[in-house]
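Asker: Sending over a structure as structure tokens; questions will come in a sec.
The values are calculated or read from the model by the stated rules, or taken from the named source; none is laboratory data. Note that the coordinates shown come from a computational prediction; the quantities given were computed from them, not determined experimentally. Neighbour counts are summed over all protein chains in view; Cβ atoms, including those assigned to glycine, are modelled from backbone coordinates with ideal geometry.
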């Protein structure tokens, strides 16, 4: 995201460029159709991946994000028996 001269093509609403974790940031990014659409965080203590979208998404988009999140936690937290994916702010 830092490499784009015109970041408005991938980062909506003049949001700041997210930093990768370990370099001062605490969360990661979710791209939907090439747009920066949400942040995500992992809590290894609870086995929880939390996704925080910037606006409501379609059911299909939400299902795809949850499925991708489930694949991520199964890989990143294989040693944790109970894993969960949650989309914050979505009823």
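To keep it simple, each residue is scored yes or no on (1) at pLDDT 90 or above; (2) touching a strand residue (DSSP E or B) at 6+ places or on another chain (Cβ under 8 Å); (3) surrounded by fewer than 16 Cβ atoms within 10 Å (Cβ to Cβ); (4) in a helix (DSSP H, G or I).
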{"site": "36", "(1), (2), (3), (4)": "no, yes, no, no"}
{"site": "45", "(1), (2), (3), (4)": "yes, no, yes, no"}
{"site": "51", "(1), (2), (3), (4)": "yes, yes, no, no"}
{"site": "65", "(1), (2), (3), (4)": "yes, yes, no, yes"}
{"site": "70", "(1), (2), (3), (4)": "yes, yes, yes, yes"}
{"site": "74", "(1), (2), (3), (4)": "yes, no, yes, yes"}
{"site": "79", "(1), (2), (3), (4)": "yes, no, yes, no"}
{"site": "85", "(1), (2), (3), (4)": "yes, yes, no, no"}
{"site": "89", "(1), (2), (3), (4)": "no, yes, yes, no"}
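Asker: Here are some residues: 57, 41. Which one is closer than 27 Å to residue 13 by Cα and surrounded by fewer than 15 Cβ atoms within 10 Å (Cβ to Cβ)?
Answerer: Testing whether each residue is closer than 27 Å to residue 13 by Cα and surrounded by fewer than 15 Cβ atoms within 10 Å (Cβ to Cβ) leaves just 41.
Asker: Every residue in the range 1-12 that is modelled with pLDDT of 65 or more and either over 17 Å from the mean Cα position of the chain (by Cα) or not in a helix (DSSP H, G or I) (or both), please.
Answerer: Within the range 1-12, 5, 6, 7, 8, 9, 10, 11 qualify.
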